[in-house]
Ligand code: NAP
Ligand code: ZN
Ligand code: ZN
């Protein structure tokens, strides 16, 4: 077993603090990854603060992991020492249910094993990427193409796949009007990916503060949702709305922006319920849907797509001692557009 440095939440309210955790021995099908960068996802904060339900402490979060293979088990065939690899939100699943067999492990009927805070096959609780090393079964490790630097690739492992998957599933592409609600970590990836897919992209942000950035990232239009005229002017416009907002919003107001037959897909995961009026849907045969990360195969497809289109995240690389401050900035919507921890600073 390997004892490694990490940063952990001691409970739901205290700041994260340095600690050590134990990684299991590298089994025949395992890969030991020397983590280079770990992205900060808003889900890390929801989870550590107990907003989605009780968590097990101390908890090391982080599910946007990019690094280099340091050791492989005797039976490993997919990865070699020195390979540049990533791990996202899952580290295992049952592998035999209909969804696992279809490559949609995120919907495993037995529940996928999350990268942190989940019960692993050996009964231990998984610990995430705010650490120097991780041991993961080879099937849940993806290849990071050479065209992507590891720091800008790390956020693709959650923010990238979580937006790529619904954009792909709901056919974002030429001739489609796509709106992205919230220009944070997920939102900025949604803009880049939807633009690369050929869609006409609009950002719906709280204010116009980040307009210049939004247009640079690939948006064709940018609107402030604090301005009520936005909801009047854009009524009936979009084929697809991707909602990335981490807080409760007035879903019915946004449903009014869909064209007939359009879909609003929620990837944002606020703890509060989102109320939907039946009339907001039936009048225009509209859908209100959700989407959860993406499968392992699709995650590899997303990484290859991003490499082909020169898409990485816009990152602010930080030292691990800046993590608590970075979390506060995420909560204040003051992130441009993903914080990434340089795990070398963990010592
Ligand atoms: P983030 O970087 O904090 O971005 C969220 C954005 O939402 C903010 O930048 C802000 O954009 C907007 N926003 C925040 N508070 C708001 C409010 N009260 N009203 C309106 N808009 C507000 O977070 P993230 O990492 O992208 O994650 C976003 C959400 O997705 C989180 O709830 C996270 O847990 C969830 N998530 C879900 C999945 C999945 O599989 N479904 C995967 C990853 C994350 P503007 O400043 O532009 O308004
Ligand atoms: Zn995430
Ligand atoms: Zn399964």
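Taking the range 100-123 as the search range and keeping residues that are assigned to a helix (DSSP H, G or I) and more than 16 Å from ligand 1 (Cβ to nearest atom), which one is surrounded by the most Cβ atoms within 10 Å (Cβ to Cβ)? Before the answer, list the steps.
Within the range 100-123, the first condition is being assigned to a helix (DSSP H, G or I), and the residues that meet it are 100-101, 105-107.
Filter again for more than 16 Å from ligand 1 (Cβ to nearest atom), leaving 100-101.
Details: 100: 21, 101: 11.
Looking at residues that are assigned to a helix (DSSP H, G or I) and more than 16 Å from ligand 1 (Cβ to nearest atom), I get 100.
Within the range 21-37, can one find any residue that is modelled with pLDDT of 95 or more and within 21 Å of residue 187 (Cα to Cα)? So far as the range 21-37 goes, yes, one or more of its residues are modelled with pLDDT of 95 or more and within 21 Å of residue 187 (Cα to Cα). Of all residues in the range 85-101, those that are away from ligand 2 (no atom under 16 Å from the Cβ) and in contact with a strand residue (DSSP E or B) (Cβ under 6 Å, 6 or more places away or on another chain) total 2.
It is to be established whether one or more residues within the range 325-347 are in a loop (DSSP other than H, G, I, E, B), at positive phi, within 14 Å of ligand 1 (Cβ to nearest atom) and not assigned by TED's automatic domain parsing to the domain that holds residue 247.
Residues of the range 325-347 in a loop (DSSP other than H, G, I, E, B): 332-337, 347.
Okay, now just the ones that are also at positive phi, so 333, 347.
Narrowing the set further to residues that are within 14 Å of ligand 1 (Cβ to nearest atom) leaves 333.
Filter once more, keeping what is not assigned by TED's automatic domain parsing to the domain that holds residue 247: 333.
Yes: the range 325-347 contains one or more residues that are in a loop (DSSP other than H, G, I, E, B), at positive phi, within 14 Å of ligand 1 (Cβ to nearest atom) and not assigned by TED's automatic domain parsing to the domain that holds residue 247.
Report yes if residue 223 is farther than 24 Å from residue 157 by Cα, surrounded by 19 or more Cβ atoms within 10 Å (Cβ to Cβ) and free of Cβ contacts under 8 Å to residues at least 60 places away in the same chain, otherwise no. Here the answer is yes, as residue 223 does meet what is asked. No other residue among 186, 204, 150 is within 14 Å of ligand 1 (Cβ to nearest atom) and closer than 22 Å to residue 66 by Cβ apart from 186. Can you say whether residue 14 is surrounded by fewer than 16 Cβ atoms within 10 Å (Cβ to Cβ) and not in a strand (DSSP E or B), as far as the supplied structure shows? In short, yes.
Across the range 310-322, which residue is farthest from residue 206 (Cα to Cα) among those that are surrounded by 15 or more Cβ atoms within 10 Å (Cβ to Cβ) and away from ligand 2 (no atom under 15 Å from the Cβ)? Lay out the reasoning, then the answer.
Residues of the range 310-322 that are surrounded by 15 or more Cβ atoms within 10 Å (Cβ to Cβ), as a first pass: 311-318, 320, 322.
Keeping just the survivors that are away from ligand 2 (no atom under 15 Å from the Cβ) gives 311-312, 314, 316-318, 320, 322.
Numbers: 311: 25, 312: 24, 314: 20, 316: 22, 317: 25, 318: 26, 320: 29, 322: 26 Å.
Among residues in the range 310-322 that are surrounded by 15 or more Cβ atoms within 10 Å (Cβ to Cβ) and away from ligand 2 (no atom under 15 Å from the Cβ), the one farthest from residue 206 (Cα to Cα) is 320.
Residues that are more than 27 Å from residue 264 (Cα to Cα) and part of a helix (DSSP H, G or I) were ranked within the range 277-324; the one that is farthest from the chain's Cα centre (by Cα) is 321.
With the structure loaded, tell me whether residue 129 is within 16 Å of ligand 1 (Cβ to nearest atom) and within 20 Å of residue 300 (Cβ to Cβ) or whether it fails that test.
Yes.
Those strands (runs of 3 or more DSSP E) of the range 39-99 in which at least 1 residues are within 11 Å of ligand 1 (Cβ to nearest atom) and in the same structural domain as residue 342 (by TED's automatic domain parsing), considering only elements entirely within it, cover 90-92.
Restrict the check to the range 207-215 and report whether at least one residue is within 9 Å of ligand 1 (Cβ to nearest atom) and surrounded by 19 or more Cβ atoms within 10 Å (Cβ to Cβ).
Residues of the range 207-215 that are within 9 Å of ligand 1 (Cβ to nearest atom), as a first pass: 207, 209-210, 214.
Subset that is surrounded by 19 or more Cβ atoms within 10 Å (Cβ to Cβ): 210, 214.
Yes, that holds for at least one residue.
Just checking, does the range 269-286 include any residue being touching a strand residue (DSSP E or B) at 6+ places or on another chain (Cβ under 8 Å), buried (at least 17 other Cβ atoms within 10 Å of the Cβ) and touching a residue at least 40 places away in the same chain (Cβ under 8 Å)? No, the range 269-286 contains no residue that is touching a strand residue (DSSP E or B) at 6+ places or on another chain (Cβ under 8 Å), buried (at least 17 other Cβ atoms within 10 Å of the Cβ) and touching a residue at least 40 places away in the same chain (Cβ under 8 Å).
The values are calculated or read from the model by the stated rules, or taken from the named source; none is laboratory data. The structure displayed is predicted, hence computed values, not measured ones. Neighbour counts are summed over all protein chains in view; Cβ atoms, including those assigned to glycine, are modelled from backbone coordinates with ideal geometry.
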